[in-house]
Amino acid sequence: MTTTEAVLAVLTVVGFAGSVPQLWGSNWSDIWLYYRRGIIPWEKVHKGVCRLIAKMRAANYNPSVVIGVGRGGIICAGLVCSELTTETLVEGRRSGEAKVKSPKIRLETINSTVHLKDRTALPSSQAGDRLVSHVDSIELSADDLTLDKDDRILLVVAQNFTGNSLQRAADIVMARGIPRDNIVTACVFWQRDENVTQVHEPDLYGATASIRKTMPWKYSEVNTDRF
């Protein structure tokens with residue numbers, strides 16, 4: 001084998017190895033982050049949002065207000081609104097018919113203040129463990145929330161562990177005079193675990209995920225997931 005042939009063979013092998021993750025719609029970087037650091041790739045987040053919307057459409061549910069609960073919920077609520085309002089809608093199946101205007105959907109937020117545990121008070125075996133929640137409590141606030149009594153509300157969190165945030169958010173919305181029947185709770189990823197007690201189960205969810213996986217915007221070593 002000549003030097004040129006050897007180089008071409010190596011390039012072929014490297015090219016094949018680099019393309020293998022594409023069979024699963026991924027790349028080596030995302031695979032490393034997912035399995036080594038437990039970070040869900042953005043592509044999976046988008047697929048989760050699309051699956052959530054597909055379930056909404058199957059249930060013939062069209063919200064007038066999407067409320068993002070907490071920091072991750074605000075991100076995902078924006079993604080949901082983008083998908084709901086950019087899809088091309090056409091009356092009937094025949095070409096050339098008038099397009100229907102995209103639905104008018106308001107985006108609102110219920111903010112969260114995360115109070116962390118004192119890391120120095122944690123057992124040494126937990127202090128540096130990303131899989132241990134460092135959250136002591138989460139305070140929800142909705143001072144700027146504006147709702148009408150006839151609004152159809154979609155409450156969105158990114159990750160649902162116990163359902164506590166969704167339940168408390170629903171209570172906040174009902175305190176504004178919205179009937180419970182007008183509220184749908186949803187998450188992009190439902191991270192169930194037999195050792196975690198469910199306070200509230202979401203009405204809709206995009207996908208399930210291991211409790212050990214977290215969102216792509218959480219690169220910090222201090223875990224603020226709520227489990």
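Worth pointing out:
- Residues whose amide H falls under 5 Å from that of Val135, counting only those 5 or more places apart or on a different chain, are Lys117, with hydrogens built in the peptide plane.
- Across Lys47/Lys218; Lys104/Lys213; Lys104/Lys149; Lys47/Lys213; Lys149/Lys218; Lys44/Lys218, pairs whose alpha-carbon gap is larger than 25 Å: Lys104/Lys213; Lys149/Lys218
- Taking label positions 7 Å along the Cα-Cβ direction at both Arg106 and Glu201, the computed distance is 3.2 nm, reported to one decimal.
- For Leu155, net neighbour charge (Lys/Arg +1, Asp/Glu -1) across residues whose Cβ lies under 14 Å away: -1
- Burial ordering of Cys187, Cys50, Cys81, Cys76, fewest other beta-carbon atoms within 10 Å first: Cys50, Cys81, Cys76, Cys187
All of the numbers you see were taken from the coordinates with simple rules; none came from a lab. Everything numeric here is computed off the predicted structure, so don't read it as measured data. In this analysis, Cβ positions are derived from the backbone assuming ideal geometry, glycine residues included, and neighbour counts consider all displayed protein chains.
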